[in-house]
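Right, one structure below, let's go through it.
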Amino acid sequence: MHLLKAQKIYKSFGNKFNRTEVLKGIDFTIDQGEFVTIMGPSGSGKTTLLNVLSSIDQVSHGTITIDGHIITNMKSKKLAEFRKHHLGFIFQEYNLLDTLTVKENILLPLSIQKVSRQQANEKFDLAAKELGIYEQRNKYPSEISGGQKQRTSAARAFIHQPSIIFADEPTGALDSKAASNLLNKMVEMNEKHKATILMVTHDPVAASYSDRVVLLKDGEVYSQLNKGDEDQQLFFNDIVKTQGVLGGVQHER
Amino acid sequence: MNVNQLIYRNLKNNLRNYYLYVFALIFSVSIYFAFVTLQYDASMDPATGTIKGQAAVRAGTIVLILIVGVFLVYANNLFIKRRSNEIALFQLIGMTKGKVFRLLTIENLILYLVSLAIGIGVGFSISKLMVMIVYKLTDVTDIATMHFSTEALKQTLIVFGIIYLLIMFVNYLFIKRESILSLFTIQQSTEIKVKRLSIFQVLLGLLGIGFIISGYVVSQQLFSGDFSTTNELFYAMAFILGAVIVGTYLFYKGSVTFVLQLIRKSHKGYLSINQVLSTSSIMFRMKSNALLLTIITTVSALAIGLLSLSYISYYSAEKQAENFVINDFSLVNEESYKQFTSILEENGIDYQVNQIEVFNVELDATNIMDFNYDEDSSVTMNPSELQLPIISDESIEEIDVDENHFFLSGYSDFLQRFMSFKKSGEATIKTESEQFSMKFIGLNREYYVSNYFTNGGGMPIGIVDEAKYQQLKTDMDPELQQRSQDGGAMTFRGIDVSEQDIEKANELFLTEEIDRWAGNDSQQNMARNQRMNMGLIMFIVGFLGLTFLVTSGCILYFKQMDESENEKPSYTILRKLGFTQQDLIKGIQLKQFFNFGIPLLVGLLHSYFAVQSGWFFFGTEVWTPMLIVMIVYAILYSLFGLLSVLYYRKIIQEAL
Ligand SMILES: Nc1ncnc2c1ncn2[C@@H]1O[C@H](COP(=O)(O)OP(=O)(O)OP(=O)(O)O)[C@@H](O)[C@H]1O
Ligand SMILES: [Mg+2]
């Protein structure tokens, strides 16, 4: 069953005189419980696609359906409700509130839901320990490292167990150990809690954790790779090979 | 952590951001409350008060509401922009827009209530000071009393209640309109880089300067007689206003960029750190803030101009009274003269009398005036039949005129705009049946008789030889002597008393109602009245001007704080590259010099031309009062520039 379905997505920026078309008619589906990665050269429109799919930016044309709801014309109030229970975000920028501690930042999604304090604390302990930021819980964002911010932001995305998680280069600022911790956590969310995940990355290793890779080029879907029954190493090789064909800036990071 | 805790934590942690906003609020409330308290002060009561200024003060409060309202809305906008990240995040985790709005509303309500309480307290304590200043300016000797006015409280609460609703409405629109993504990027969006300078922009800028200059040129001709009908005058004024305001806008939009670009060009691509820091960001910001800067400049100019004019008026009060009344007292008829002198004698006050006989003749001044007489002119004066009061040279010691000569006295800057005379020439004086061709030999600015005799002070007075005077008098035209009771010549009687008797004499003059005859005047009284009228107006204008100065200074200062936050990362980089704090601060100083200096300079220039175009309606002395006002304004304004530099210094220090 399709959890997310995008039909003929167009997105352009600028005004009448100075228009850049970034997404040029993207058709795209994600099944319930799938872990999908979007790859592609820098500037190909990955972040833009993620933004429109996750309801925080508007498409110029086309429809997006999540869980049977057409979000492209959904009332903002319903959309908020939807985000509250079903969506989790990890961004390229960390988007933490400087005025709250790490713990408070992570607990933010629970603070607007009816969750008991005890339950909230349990969930926090679990998520924070798994992502290795428990020690930092009482510090402010300005007092922790970039990678720690990234993990704080990830913990915030997981804490209310959303049904779909959007992640824009979640491992960008992490060393390989922290990166694999985070990816394993994502796989676990995906397998145990049936969370659907859509991730953008440049890193073929990170991509190889997922079930399917969608390659974007110049705002269009260039090709797709399915992991199928391959193991992670083989899938990784496939990804690197296809990327080579695709060209562009592959290893900028 | 639930939503209420979230609000509380946010308030607590955001105080660092809030303090500016709170300051703006407290400042606005206290200023407003103090001003309204003044309105309800007993001395302002139209029936029983000593100053009777309630209506004027009320008009002032309306302007004050406008200033304060705009200021608070602006402060709020800056403030909410800073918090856009937070607002976006709340929506991201699933808060509805309505809920985010409610959160902000509650936060603001708390801030508002606290600021209102503090502001009213501060306002109350400064209100006494204000009343004292008003008394001082208006020569009122009452003791200022502290009196908490519930009316003022009510009015303050209503006004700030409305402003609160307005701000909430603005916030509502903001939250409603902005998407989550745009909220996340709002803070970076001010960082757009300067685009290349287009020819179009340069032309626009030059056009702006052209507009301003043409406005200035017309303003200087405004009252020189070139625009004689009311309609023409009105169009000319509208043109000046339009040209200067639009010109200012275009100037900020284009010229500043243009000029700074020239500076950059002249360095052939090699930019010192000062120039990088100052010019590039100013170029962009002057352009994007053109509207705001135009408003600030225009209102600054207005404030400086009005302040100068009212100060000119206040400052000239004494001189003007001297010109109008001549002696300590001026009396227009025999009856009042007899009464007043006998009263003075009864009270043992020595006095001196100065008597001058005056009557009117008709003057054909066609050959000595530069007066473009216009058919459909609203000016009804006809230069061939001017009514001219004349006196004999005998009446004035230091003057002696030849038989067929005459000259004019009582000429002023004011008169000059409407009738300009040649240096000399032939003119004809007409009596009832005869005409005398006389040689006009010039003008002076002395006043010899009170304004009652010069058609209310509007006309100069002619001085002729004694023999001629007597000759003219025998054939005087009774129809021209409108103010004389018997159609004959009148006598101006000026009375001087010694310095120490003046207060007493003045009191007698008033208690015995010597002024019940129109035209009888006391110099001291007139000056005092003028000061009382102008004192209150000056206070109101001064107060509003000061409020405006503080608010516009704050707005520019807030902007600088905002910009400095955005620029912090670049300072970090620059300092890592090895630039010292001094290097950076030098650039900042230059930038602040432009930021505050350009609007101030343009504003001063505007007001200079405005004052020059019409000051003579307000008084007799222009330079001293105008310069004092301008210098004080400039100094106070610069303080905000200084504050900005200090703030930047802190940011730069923290950057590494
Ligand atoms: N707000 C915007 N206004 C105008 N153009 C934009 C805007 N956002 C993105 N673009 C343009 O859209 C294109 C795609 O941007 P996007 O951020 O989606 O790239 P990306 O694939 O995420 O790149 P990266 O891997 O570098 O993050 C870029 O060419 C970019 O310049
Ligand atoms: Mg991106």
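The values are calculated or read from the model by the stated rules, or taken from the named source; none is laboratory data. All values reported here derive from a predicted model rather than from experimental measurement. Glycine gets a Cβ as well: all are built from the backbone with ideal geometry, and neighbour counts include every protein chain shown. For accessibility, only protein heavy atoms count, side chains too; no ligands or nucleic acids. Shrake-Rupley method; radii C 1.70, N 1.55, O 1.52, S 1.80 Å.
Does A:Val59 satisfy the criteria of being at the interface with chain B (Cβ under 10 Å from one of its Cβ atoms), buried (at least 16 other Cβ atoms within 10 Å of the Cβ) and without any contact (Cβ under 8 Å) to a residue 60 or more places away in the chain? Answer is no for this residue.
Tell me, please, whether a residue that is open to solvent by 70 Å² or more (accessible area, probe 1.4 Å) and within 16 Å of ligand 1 (Cβ to nearest atom) can be found in segment A:37-52. Looking through segment A:37-52, at least one residue is open to solvent by 70 Å² or more (accessible area, probe 1.4 Å) and within 16 Å of ligand 1 (Cβ to nearest atom).
Scanning segment B:324-373 for residues that are open to solvent by less than 50 Å² (accessible area, probe 1.4 Å) and among the acidic types (Asp, Glu) returns B:Asp328, B:Glu362, B:Asp364.
Inspect segment A:89-106 for any residue being among the charged types (D, E, K, R), open to solvent by 40 Å² or more (accessible area, probe 1.4 Å) and touching a Gly at 6+ places or on another chain (Cβ under 9 Å) and give the result as yes or no. No, the conditions are met nowhere in segment A:89-106. Annotation: of all residues in segment A:182-237 being touching a Lys or Arg at 6+ places or on another chain (Cβ under 6 Å) and charged (D, E, K, R), the one that is modelled with the highest pLDDT is A:Asp211.
Contact map, segment A:98-121: first residue more than 8 Å from chain B (Cβ to nearest Cβ) and free of Cβ contacts under 8 Å to residues at least 40 places away in the same chain, second residue assigned to a helix (DSSP H, G or I) and open to solvent by less than 40 Å² (accessible area, probe 1.4 Å), Cβ cut-off under 7 Å, separation 6 or more or different chains; pairs are A:Lys103/A:Phe124. Take the residues of segment B:71-98 that are without any contact (Cβ under 8 Å) to a residue 40 or more places away in the chain and open to solvent by 10 Å² or more (accessible area, probe 1.4 Å): which is farthest from the other protein chains (Cβ to nearest Cβ)? Per the criteria, the residue is B:Gly98.
Going through segment B:433-472 one residue at a time, which ones are closer than 19 Å to B:Asp413 by Cα, touching a helix residue (DSSP H, G or I) at 6+ places or on another chain (Cβ under 7 Å) and open to solvent by less than 10 Å² (accessible area, probe 1.4 Å)? B:Ser450, B:Pro460, listed by residue number. Here B:Leu165 fulfils each of the conditions (1) out of contact with any helix residue (DSSP H, G or I) (no Cβ under 9 Å at 6 or more places or on another chain); (2) of a type outside the set (Ser, Thr, Tyr); (3) modelled with pLDDT under 80 apart from (3). Residues that are over 14 Å from the mean Cα position of the chain (by Cα) and open to solvent by 60 Å² or more (accessible area, probe 1.4 Å) do occur in segment A:207-217. Meeting the requirement of 2 or more residues that are within 16 Å of ligand 2 (Cβ to nearest atom) and either touching a Leu at 6+ places or on another chain (Cβ under 8 Å) or closer than 19 Å to A:Leu23 by Cβ (or both), the strands (runs of 3 or more DSSP E) wholly within segment A:169-231 are A:196-200, A:212-217. Close contacts from segment B:538-554, counting a first residue that is assigned to a helix (DSSP H, G or I) and a second that is among the small types (Gly, Ala, Ser) and open to solvent by 30 Å² or more (accessible area, probe 1.4 Å), with Cβ to Cβ under 7 Å and a gap of 6+ residues or different chains, come to B:Ile540/B:Ala56. Taking the listed residues A:Asp27, A:Asp67, the one that is closer than 23 Å to A:Tyr222 by Cα, away from ligand 2 (no atom under 15 Å from the Cβ) and either in contact with a Ser or Thr (Cβ under 8 Å, 6 or more places away or on another chain) or in contact (Cβ under 8 Å) with a residue 24 or more places away in the chain (or both) is A:Asp27, with no other qualifying. For the condition away from ligand 2 (no atom under 16 Å from the Cβ), open to solvent by less than 70 Å² (accessible area, probe 1.4 Å), touching a His at 6+ places or on another chain (Cβ under 9 Å) and away from chain B (no Cβ under 14 Å), A:Ile9 qualifies. A Cβ distance below 9 Å, combined with a sequence gap of six or more or placement on separate chains, defines the contacts here; from segment A:72-90, residues that are more than 7 Å from chain B (Cβ to nearest Cβ) and farther than 12 Å from B:Leu89 by Cα reach residues that are in a helix (DSSP H, G or I) and open to solvent by 10 Å² or more (accessible area, probe 1.4 Å) in the pairs A:Met74/A:Phe82; A:Lys78/A:Ile71; A:Leu79/A:Ile71; A:Phe82/A:Ile71.
For segment B:122-134, the tally of residues that are surrounded by fewer than 20 Cβ atoms within 10 Å (Cβ to Cβ) and touching a residue at least 40 places away in the same chain (Cβ under 8 Å) stands at 5.
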